[in-house]
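Worksheet for the structure shown next.
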Amino acid sequence: MKFDTPAGINPIDRMKVVGVAHDRVDGKFKTTGMAPYAYERHDVAPGQLYGFILGSAIAKGHIAAIHTTHAESAPGVRAVVTYANAGKLGKGSKNTANLLAGPEIEHYHQAVAIVVADTFEAARSAAALIDVDYVRGTGHFDLAAAAPTAPLHSEDKDKSKPAVLDRVGDFEAAFAAAPVTLDATYTTPDEAHAMMEPFATVASWSGDKLTVWTSNQMIAWAHDDLAQTLGIAKENLRVNSPFIGGGFGGKLFLRADAVMAALGAKAAGRPVKVAMTRPMMFNNSTHRPATIQRIRLGATRGGKLTSISHISTSGNLPDGSPETATAQTKLLYAAPNRLIGTRLAVLDLPEGNAMRAPGEASGLMALEIAMDEMAEKLGMDPVEFRIVNDTQEDPEKPGRLFSQRQLIRCLRDGAARFDWSARNPRPGNTRDGDQLIGLGVATAFRNNLNVTSGARVRLGHDGVVTVETDMTDIGTGSYTIIAQTAAEMMGVPLDRVVVRLGDSSFPVSAGSGGQFGAGSSTSGVYAACVKLREAIAQNLGVNSADAVFEDGHVRSGNRRVALADAVRGGEIVAEDTMHWGDLDKEYQQSTFGAHFVEVAVDAFTGEIRVRRMLAVCAAGRVLNPKTARSQVIGAMTMGVGGALMEELAVDTRFGFFVNHDLAGYEVPVHADIPHQEVIFLDEADDKVSPMKAKGIGELGLCGVAAAVANAVYNATGVRVRDYPITLDKHLEKLPALIQALTIRNVCEKAK
Amino acid sequence: MKAFTYERAKSPAAAAAAVAGQPGAKFLAGGTNLLDLMKLQIETPTHLVDVQDLKLDRIEPTADGGLRVGAFVSNTALAADARVRRDYAVLTRAIVAGASGQLRNKATTAGNLLQRTRCPYFYDTNQPCNKRRPGSGCAALGGYSRQLAVIGTSDACIATYPGDMAVALRVLDAGVETIDAHGAARTILLAEFHHSPGDTPHLETALAPGELITAVTLPPPVGGHHVYRKVRDRASYAFALVSVAAIIQPDGSGRVAFGGVAPKPWRSDAADAALPEGATAVTARAFADARPTADNKFKIALATRTLAATIAQARPA
Ligand SMILES: Cc1cc2nc3c(=O)[nH]c(=O)nc-3n(C[C@H](O)[C@H](O)[C@H](O)COP(=O)(O)OP(=O)(O)OC[C@H]3O[C@@H](n4cnc5c(N)ncnc54)[C@H](O)[C@@H]3O)c2cc1C
Ligand code: SF4
């Protein structure tokens, strides 16, 4: 099916199952331990051995020699694989660095060996006996040092064309003429996905056929890239990943666990199971790259933006891509003169790549502080300032409308709900005992993407509808919304639908990424269901256009036939793939929201704690308000982490992330997360898909950190432009009044 | 983790003899620190002597009106003890500010005292670290040192003692009772228990090889207002950037010890004496010899402000 004209009325609009807050259909399996994750697939292949991956001790250089004899002769060891005996390997098209190092080392903790043994303990202990002679090379690890000479990056596929800044109008002239301007630089640190489940794979060979039970968000990518890396035919590889303990983009790509497990299993002649240890999860994997972002805004005294410039610099390994932190700036606020671009420095840190809302998450961390600073300069309320600069058309291509854009409503509804009018516009002036109180707002913005997505649907003898697609559920609720979609389309209750996901033998879907998974994969299921309905109608000899599928029956005119009767002659299977036309070119398809945050800052210690959060989201039809809400509150939590604590600390001498465990890399704990409220505007966007739904999972993160930052500023009057906003960055600048009065009083009182 | 042997000792003297008698042997209590470090190959004991059967799990009054806390008393039990909550509240407050409920159920009094630093380079066996591999250098010097110590350090090591409980014990003038392989008992003042790193940062305490901690003693209660204030980047489940344990008397005098700033709980007589003059006077003395890094110099200002908050809490307007 091709979606190339706006959706008319269709069966989904009945919203009997879709749009209802159903519990997750996989919830009971997860809460009872019946949903096996990759490392728990004890049953799938008998005789599993354990693999332990050894990571490189240096960031850049090469291996002069690697001595494995002690490890090989250690008790219980079955095989040791390094570049020296792995055979020739390819590299996945989505990987920047090789997944097995040697002799060249591209980054710290890049895998240099796998030890396969009878037990995990034996493999781990033998790995410590591998002796590697490294020769250190010189690498570049310091983004701030590399930034001034970082070249412009071109998004053009044709690399022979010189990279240029994206220009609309005359930014320089407009900025110079603007009566009110802001020119500020913001930084965001490297961040880790820090998902609960580490990379894990069980690999088993049968002749030249390989099966991997793994944890991966994009089955088709893993399938392609593992076949390519190992140099095997795709037909000889099966990838299975039905349950995934979080990914946040960290599991978009083939990673070392799968490659090393496959190599270890081949060498040992037995199935091998591998989980990456937590301390290797930070340098072996991909991460969200740090950015340095310069933003310039020029406005009239009335608060109309006349000029916007946003230049972001990030780093990556050679041939890596930039963090596209300027993405939202192209589309978010009106201004006739614009100058936007990204620079990319070569760094020899681990590979940078997508993490939840790549681009916008980092970009809004900067842009939405800038908007707050500008509102203050203009003496405007930050909500009003955003509203004044809202637009219904693509600011770079006037006349090209948004498919649906209700940012103003998000801001206004949110402001009313949050009691925004109670905010004191003078920062550092609201107290609650020893706490400085502040309120902050930020816009949420994230593009909606559609990706080709297929599914197979089967109506069985028992009247049960089974959906098969290689879509994944990374904890988001894919199982549930896909079941809801099929139930709505086929007119059956939810418990008559079985959903099977995450297997490369199923039709290729969008996979989970870029907040395109829900909208795209359910559209694929929609397409397959349309085909199934046609086949059923044909079987029953009725016109499919007239057929109504409801309550487990097909009704056409006066005829009403039970679905089960349609399959008397044998089950009916239909498969289709949703392809996308040009509606996304005709209309800009984006999702919108507003985040409101209240913080308290301890006047003595500078500790920042979030008190209250509200998100108002406009993202088309909400397929399941419960799973959608879970996505948004999880994203808001991640935003608090990004605002206040998450940072991979770079050792710029040795070239690695130092705090590489969950004690060193802090993410919010329960005590950090207060009351969270989420509101979805009642929308249905007919230009995006037959589901009329857009992505939500990443929108919920976009802007959160800036709303926190703006609330902190409102509390303290100290503007911190470098994330995360830890107490040391404002401690000594906290309001003098408080230091002088409170602390002196207290000290004197103690006399 | 290296292969090791394991035994459960039946008496304190036998446990001490078992560890003293075998090079590379260590005591095992709750295991919440030791086992983690073994998995990372940072600790590589050849033999573990489990102390759980030694009946060191009681809290009992001492003749002088204080308390004796068995070495194997769990952090949870110690924090919850009614006598501790009444007379040594700073200790309860410090313990519950640490780790998590599950860990405190498992963690013991002696094990907690002996927990090792959280310096991230200590945790990465690829990096030079004088504490982990004497003579290999200190990667934290010139590296990422935001969490590390500002005072009491040396050119060989700038790691902190990371724990909370010991900071309260320091302000309470606690003692550490031990027994050695020959059955000889002694008491080490907490003030003398943790060593400064000097040239030998791997030697962390006054314990001799094989010397077993049997108890921690608390002197008779001193009254006053007991406060433990722990400052960190998130609300829970993190080690202190700075912590303050204070006992403040109605006349403004008192005692104060700082955590998260030094290789041991940090306290000095001069700083205590300045307490009536206020927080700035105290930290001016306590941190007079500080040698912070650019990453962690904020800890000194933070210590002052945290102490000011502590004083305010102890003496509300
Ligand atoms: C995730 C995490 C977070 C934490 N957060 C905090 C925190 O915020 N604040 C805090 O203070 N602590 C924290 N801790 C540390 C925790 O308090 C310690 O791990 C615990 O107290 C150690 O006690 P244990 O009984 O498990 O010791 P073990 O691990 O069994 O032993 C530790 C050491 O003590 C030695 N030892 C044990 N008993 C004796 C004895 N009787 N005599 C002589 N030597 C002995 C052992 O040989 C070993 O060297 C945290 C730990 C973890 C894992
Ligand atoms: S500060 Fe101490 S523990 Fe940390 S690396 Fe240096 S020597 Fe090791």
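The values are calculated or read from the model by the stated rules, or taken from the named source; none is laboratory data. Predicted model, so just to flag it, every value in this text is computed and none were measured. Note that each Cβ is placed from the backbone with ideal geometry, even for glycine, and that neighbours are counted across all protein chains shown.
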message: Among the listed residues B:A166, B:A149, identify the single one that is under 17 Å from the mean Cα position of the chain (by Cα), away from ligand 1 (no atom under 14 Å from the Cβ) and closer than 21 Å to B:A303 by Cα.
response: B:A149
field: Whichever residue in region A:1-55 is of a type in the set (G, A, S) and within 28 Å of the chain's Cα centre (by Cα) and, among such residues, is modelled with the lowest pLDDT
entry: A:G33
task: Take the residues in region B:193-219 that are of a type in the set (D, E) and farther than 17 Å from B:P162 by Cα, then tell me which one is nearest to ligand 1 (Cβ to nearest atom).
output: B:E211
query: Which one is surrounded by the fewest Cβ atoms within 10 Å (Cβ to Cβ), of the residues in region A:159-178 that are in a loop (DSSP other than H, G, I, E, B) and over 34 Å from the mean Cα position of the chain (by Cα)?
result: A:D170
task: Only one of these is buried (at least 20 other Cβ atoms within 10 Å of the Cβ), within 14 Å of chain A (Cβ to nearest Cβ), more than 9 Å from ligand 2 (Cβ to nearest atom) and in contact (Cβ under 8 Å) with a residue 60 or more places away in the chain: B:V171, B:V150, B:V167, B:V176. Name it.
output: B:V150
task: Take region A:59-81 and flag every residue that is part of a strand (DSSP E or B) and either under 24 Å from B:A3 (Cα atoms) or among the small types (G, A, S) (or both).
output: A:G61, A:A64, A:A65, A:I66, A:H67, A:V77, A:R78, A:A79, A:V80, A:V81
- request: Kindly establish whether B:R133 is assigned to a loop (DSSP other than H, G, I, E, B), more than 27 Å from B:R285 (Cα to Cα) and more than 6 Å from ligand 2 (Cβ to nearest atom).
  value: yes
message: Criterion first (touching a residue at least 24 places away in the same chain (Cβ under 8 Å) and assigned to a helix (DSSP H, G or I)) does A:A325 satisfy it?
response: no
query: Across region B:30-53, what is the number of residues that are more than 16 Å from ligand 2 (Cβ to nearest atom) and in contact with an Asp or Glu (Cβ under 8 Å, 6 or more places away or on another chain)?
result: 5
task: With the condition kept exactly as written, say whether any residue in region B:95-102 is within 14 Å of chain A (Cβ to nearest Cβ), more than 16 Å from ligand 2 (Cβ to nearest atom), of a type in the set (V, I, T) and surrounded by fewer than 20 Cβ atoms within 10 Å (Cβ to Cβ).
output: yes
- line: Of B:L56, B:L114, the only residue that is more than 14 Å from every other protein chain (Cβ to nearest Cβ) and within 16 Å of ligand 2 (Cβ to nearest atom) is B:L114
query: Residue check: is A:E575 over 30 Å from A:I437 (Cβ atoms), within 31 Å of the chain's Cα centre (by Cα) and assigned to a strand (DSSP E or B)?
result: yes
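Say whether the condition of being under 24 Å from B:H202 (Cα atoms), within 14 Å of chain A (Cβ to nearest Cβ), out of contact with any Phe, Trp or Tyr (no Cβ under 9 Å at 6 or more places or on another chain) and assigned to a loop (DSSP other than H, G, I, E, B) is met by at least one residue in region B:45-53.
No, the conditions are met nowhere in region B:45-53.
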query: In region A:651-667, what count of residues is obtained for those that are farther than 19 Å from B:R118 by Cα and either under 23 Å from the mean Cα position of the chain (by Cα) or of a type outside the set (A, V, I, L, M, F, W, C) (or both)?
result: 3
task: Kindly indicate the residue of region B:191-204 that is away from ligand 2 (no atom under 16 Å from the Cβ) and out of contact with any strand residue (DSSP E or B) (no Cβ under 6 Å at 6 or more places or on another chain) and also farthest from the other protein chains (Cβ to nearest Cβ) among those meeting that condition.
output: B:E192
- request: Working only within region B:2-32, note down all residues that are within 14 Å of chain A (Cβ to nearest Cβ) and crowded, with 19+ Cβ neighbours inside 10 Å.
  value: B:T32
task: From (1) within 15 Å of ligand 1 (Cβ to nearest atom); (2) in a helix (DSSP H, G or I); (3) within 26 Å of B:P221 (Cα to Cα); (4) among the hydrophobic types (A, V, I, L, M, F, W, C), pick out the condition that doesn't hold for B:L103.
output: (3)
- request: Report the residue count in region A:693-738 for those that are crowded, with 24+ Cβ neighbours inside 10 Å, more than 14 Å from every other protein chain (Cβ to nearest Cβ) and either in a loop (DSSP other than H, G, I, E, B) or small (G, A, S) (or both).
  value: 17
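The rows are residues; the columns are (1) more than 26 Å from A:A222 (Cα to Cα); (2) surrounded by fewer than 21 Cβ atoms within 10 Å (Cβ to Cβ).
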| residue | (1), (2) |
| --- | --- |
| A:T96 | no, yes |
| A:L99 | no, no |
| A:E104 | no, yes |
| A:H107 | no, no |
| A:Q110 | no, no |
| A:T119 | yes, yes |
| A:A122 | yes, no |
| A:A126 | yes, no |
| A:D133 | yes, yes |
- prompt: What tally of residues in region B:153-164 results from selecting those that are near ligand 2 (Cβ under 8 Å from one of its atoms) and either farther than 20 Å from B:G259 by Cα or touching a Phe, Trp or Tyr at 6+ places or on another chain (Cβ under 8 Å) (or both)?
  reply: 2
message: I'd like the residue in region B:106-118 that is of a type outside the set (A, V, I, L, M) and in a loop (DSSP other than H, G, I, E, B) and, out of all such residues, is nearest to ligand 1 (Cβ to nearest atom).
response: B:Q115
query: Which of the residues spanning region A:201-235 are part of a strand (DSSP E or B), small (G, A, S) and surrounded by fewer than 22 Cβ atoms within 10 Å (Cβ to Cβ)?
result: A:S206
- request: Could you please let me know if B:Y123 is away from chain A (no Cβ under 14 Å), within 18 Å of B:D36 (Cβ to Cβ) and within 16 Å of ligand 2 (Cβ to nearest atom)?
  value: no
task: Being touching a residue at least 24 places away in the same chain (Cβ under 8 Å) and among the polar types (S, T, N, Q) is the filter here, so list the residues in region A:190-249 that pass it.
output: A:T201, A:S204, A:T211, A:T214, A:S215, A:N216, A:Q217, A:Q228, A:T229, A:N236, A:N240, A:S241
task: Output the residues belonging to region A:166-219 that are among the β-branched types (V, I, T) and within 27 Å of A:T469 (Cβ to Cβ).
output: A:T201, A:V202, A:T211, A:V212, A:T214, A:I219
- prompt: Between residues in region B:118-137 that are over 21 Å from A:M281 (Cβ atoms) and residues that are within 7 Å of ligand 2 (Cβ to nearest atom) and of a type in the set (S, T, Y), which pairs lie under 7 Å by C-beta distance while being six or more apart or on different chains?
  reply: B:C129/B:Y121; B:K131/B:T117
